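The structure appears below as structure tokens.
The values are calculated or read from the model by the stated rules, or taken from the named source; none is laboratory data. Keep in mind it's a predicted model, so treat the numbers as computed, not measured. Using ideal geometry, Cβ is built from the backbone for each residue, glycine included, and neighbour counts are taken over all protein chains shown. Only protein heavy atoms, including side chains, enter the accessible area calculation; ligands, DNA and RNA are left aside. Shrake-Rupley method; radii C 1.70, N 1.55, O 1.52, S 1.80 Å.
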Amino acid sequence: MVQLGAHFALSVAELKTCCTVLQTDERMGLALVGDLRIKNPRGLPQKPEQLFLNRLGGTQRIASVLGVFHEMAAAQAAVVDELKTESREHTFQLAVSGFGVDRKAVKLLLEGVKKGSRLTIKRANGDGGSITTGRLFRDKILKKGADFMLWKLGGEVLVARTKAIQNIRNYTLRDRQKPFRDAHMGMLPPKLAQILINLSKPKSDDAIIDPFCGSGTISIEAAIMGYRTHGSDIAPERVTGAQANNTFLSEKFRYDHGAVKFITADATQLKYQKMAGVIATEGWLGHNFAAAPTDRQSEKTLLDVIAMWHKALPEMAKGQIHTIALCLPVHQIRGRNRSISEKIFALADRLGYAPVALFGSRKSYVYARDGAYTSREIIVLKKGHSPG
Ligand SMILES: C[S@@+](CC[C@H](N)C(=O)[O-])C[C@H]1O[C@@H](n2cnc3c(N)ncnc32)[C@H](O)[C@@H]1O
């Protein structure tokens with residue numbers, strides 16, 4: 001069972017690339033999954049669940065299911081039973097979160113487990129209120145004890161024990177503490193970079209190519225995941241900055257610095273013929289507006305971006321690139337999203353690429369951020385693929 005981040009449909013699409021999604025509950029932000037394909041290409045000394053989670057930008061918490069119960073008393077007994085083999089040496093931190101299960105019932109279960117267990121238990125959320133993954137991480141609850149999730153499914157309650165949570169400190173380090181940052185250009189959050197890489201479904205020997213690399217986020221995330229990668233950008237100062245980020249982060253995350261190559265190049269003129277693998281890129285989003293764009297400003301920048309893709313995509317199609325995951329700009333004008341994805345789909349079609357319907361029946365996902373005038377519309381194009 002997994003708990004997903006704020007962008008539910010996007011996170012589900014990402015999950016589907018590396019496990020079977022059996023059931024989803026958008027309101028609760030949860031999914032039941034099976035058949036996890038866990039990779040450890042860098043031979044990292046981590047638990048399988050943590051390895052799995054660390055590769056996913058959209059999943060916050062992974063838990064293993066203990067059972068599904070009709071009565072809360074039976075759910076409580078299952079938690080007590082699960083704790084039977086825990087060491088009694090230290091005070092045991094216990095957290096329980098309810099999803100669709102009310103606070104009072106969680107509070108009662110926590111009290112019951114405290115009484116029924118042979119451990120000395122300190123309740124992390126004695127009031128029964130839900131506990132965030134941020135708090136679980138900061139308070140090291142999985143190290144000092146355990147976290148359980150209760151998910152109301154019809155008339156029953158599913159009980160699961162958390163096995164791994166997102167490492168917030170590592171994401172912050174990769175996002176905020178790298179030496180080169182350029183707020184004006186706008187940088188991709190590392191979690192979204194991971195999602196784009198996963199949506200492009202690379203094979204283990206594929207290169208991950210980002211022809212609009214900026215500060216290098218996607219290439220660096222790809223290297224952390226164990227892929228070879230090349231990034232390029234038209235702006236030489238950004239390529240220098242991306243290299244500095246690679247030097248800094250390859251030391252922090254102990255990946256092969258040489259797995260990442262950055263060069264200065266125009267994405268419309270790269271020698272894609274010599275490349276094999278996938279393209280995962282944020283792309284160029286046009287003018288970065290500091291205030292809401294007028295109709296004319298919006299139209300002009302969207303036309304510029306379309307023109308750029310008309311040059312770049314035919315070049316990309318000359319390479320051995322099986323999938324292209326990219327972002328397109330979307331502007332909100334008078335409450336409506338102004339999108340260029342249909343124009344890009346038509347262009348891609350002429351080049352033998354078709355959009356993948358990753359988001360239910362939808363072929364794109366608009367990733368909007370508060371206060372930003374340009375949103376990112378995520379699309380995935382697959383060579384020789386027919387949509388559906
Ligand atoms: C939205 S930024 C990418 C930011 C990047 N994903 C990051 O996390 O730092 C778009 C980048 O595209 C680059 N760019 C614009 N036109 C380009 C072109 N024709 N060829 C290559 N890069 C280009 C810009 O210099 C900019 O760095």
- Any chance segment 281-290 includes a residue that's charged (D, E, K, R) and either in contact with a strand residue (DSSP E or B) (Cβ under 6 Å, 6 or more places away or on another chain) or over 24 Å from E221 (Cβ atoms) (or both)? yes
- Are any of the residues in segment 181-193 of a type in the set (K, R), in a loop (DSSP other than H, G, I, E, B) and more than 9 Å from the ligand (Cβ to nearest atom)? no
- Task: Please work out if Q23 is surrounded by fewer than 19 Cβ atoms within 10 Å (Cβ to Cβ), over 26 Å from E156 (Cα atoms) and at pLDDT 95 or above.
- Result: no
- Within segment 353-364, is even one residue within 16 Å of the ligand (Cβ to nearest atom) and in the same structural domain as I234 (by TED's automatic domain parsing)? no
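Residue-wise test of (1) within 30 Å of S232 (Cα to Cα); (2) in contact with an Asp or Glu (Cβ under 9 Å, 6 or more places away or on another chain); (3) in a strand (DSSP E or B).
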| residue | (1), (2), (3) |
| --- | --- |
| G128 | no, yes, no |
| K143 | no, no, no |
| I197 | yes, yes, no |
| D205 | yes, no, no |
- Those residues of segment 247-302 that are within 30 Å of Y171 (Cβ to Cβ) and among the acidic types (D, E) come to a total of 3
- Any chance R161 is within 15 Å of the ligand (Cβ to nearest atom) and either under 25 Å from I131 (Cα atoms) or surrounded by fewer than 16 Cβ atoms within 10 Å (Cβ to Cβ) (or both): no
- What do you reckon, is A207 in the same structural domain as K84 (by TED's automatic domain parsing), at pLDDT 95 or above, of a type in the set (G, A, S) and open to solvent by less than 20 Å² (accessible area, probe 1.4 Å)? no
- Query: Before we move on, is D210 near the ligand (Cβ under 9 Å from one of its atoms) and acidic (D, E)?
  - Reply: yes
- Item | Those residues of segment 108-124 which are part of a helix (DSSP H, G or I) and within 17 Å of I141 (Cβ to Cβ), in sequence order | L109, L110, V113, K114
- Task: Identify all residues within segment 319-348 that are touching a strand residue (DSSP E or B) at 6+ places or on another chain (Cβ under 9 Å) and among the acidic types (D, E); write none if there are none.
- Result: none
- Query: Hey, does segment 359-372 have a residue that's closer than 30 Å to V21 by Cβ, open to solvent by 20 Å² or more (accessible area, probe 1.4 Å), hydroxyl-bearing (S, T, Y) and in contact (Cβ under 8 Å) with a residue 40 or more places away in the chain?
  - Reply: yes
- Note on the structure: A careful count of residues in segment 237-276 that are more than 22 Å from K311 (Cα to Cα) and open to solvent by less than 20 Å² (accessible area, probe 1.4 Å) gives 8
- Query: What pairs come up if the first residue lies in segment 283-295 and is closer than 21 Å to M308 by Cβ, the second is part of a loop (DSSP other than H, G, I, E, B) and among the aliphatic types (A, V, I, L, M), and their beta carbons are under 8 Å apart, counting only those six or more places apart or on different chains?
  - Reply: W284/A267; N288/M185
- Task: Report yes if some residue within segment 215-235 is within 9 Å of the ligand (Cβ to nearest atom), within 18 Å of the chain's Cα centre (by Cα) and part of a loop (DSSP other than H, G, I, E, B); otherwise report no.
- Result: yes
- Item | Filter result for R61 (under 15 Å from the mean Cα position of the chain (by Cα) and either at pLDDT 95 or above or of a type outside the set (A, V, I, L, M) (or both)) | yes
- Message: Within segment 1-100, considering only strands (runs of 3 or more DSSP E) that don't extend past its boundaries, which have at least 2 residues that are in contact with a Leu (Cβ under 9 Å, 6 or more places away or on another chain) and closer than 16 Å to K163 by Cβ?
- Response: 2-4, 30-34, 59-69, 92-99
